[in-house]
Amino acid sequence: MESLPEVSRALGEAQKALGANGRVVLRYSGTEPLARVMVEAEHHEDVKRYSESIANALRSEIGA
């Protein structure tokens, strides 16, 4: 993730904010040109906020 600092920042922010009350999974596909972002949290607003933040950072950094 060092090569994608904006993604690292968004991922770290989500993990820190959610702590033990949530989970973030970011996985690159081995068969397709895409990344999968999964956020689990107690509140829907947090899921939406952090999944969009990480997805936007990915789009920005890899140009998709």
Exercise for review: Scan the stretch 3-21 and give yes if some residue there is under 8 Å from the mean Cα position of the chain (by Cα) and either surrounded by fewer than 15 Cβ atoms within 10 Å (Cβ to Cβ) or of a type in the set (Asp, Glu) (or both), otherwise no.
Suggested key: no
Point to revise | Count of residues meeting criterion [touching a Ser or Thr at 6+ places or on another chain (Cβ under 8 Å), hydrophobic (A, V, I, L, M, F, W, C) and outside any helix (DSSP H, G or I)] in the stretch 1-27 | key: 1
Check your understanding: For the stretch 28-59, which residues satisfy the criterion of being in contact with a strand residue (DSSP E or B) (Cβ under 6 Å, 6 or more places away or on another chain), among the aliphatic types (A, V, I, L, M) and either assigned to a helix (DSSP H, G or I) or open to solvent by 40 Å² or more (accessible area, probe 1.4 Å) (or both)?
Key -> Val37, Met38, Val47, Ile54, Ala55, Leu58
Revision key, fill the gap. Cβ pairs under 6 Å, 6+ apart or interchain, first in the stretch 8-31 and farther than 15 Å from Ala55 by Cβ, second open to solvent by less than 40 Å² (accessible area, probe 1.4 Å), ordered by first then second residue, are Gln15/Val24; Leu18/Ala41; Gly22/Ala41
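The values are calculated or read from the model by the stated rules, or taken from the named source; none is laboratory data. Values in this document were obtained by computation on a predicted structure and should not be read as measured data. Note that each Cβ is placed from the backbone with ideal geometry, even for glycine, and that neighbours are counted across all protein chains shown. Each accessible area value is taken on the protein alone, full model and side chains, heavy atoms only, with ligands, DNA and RNA left out. Shrake-Rupley method; radii C 1.70, N 1.55, O 1.52, S 1.80 Å.
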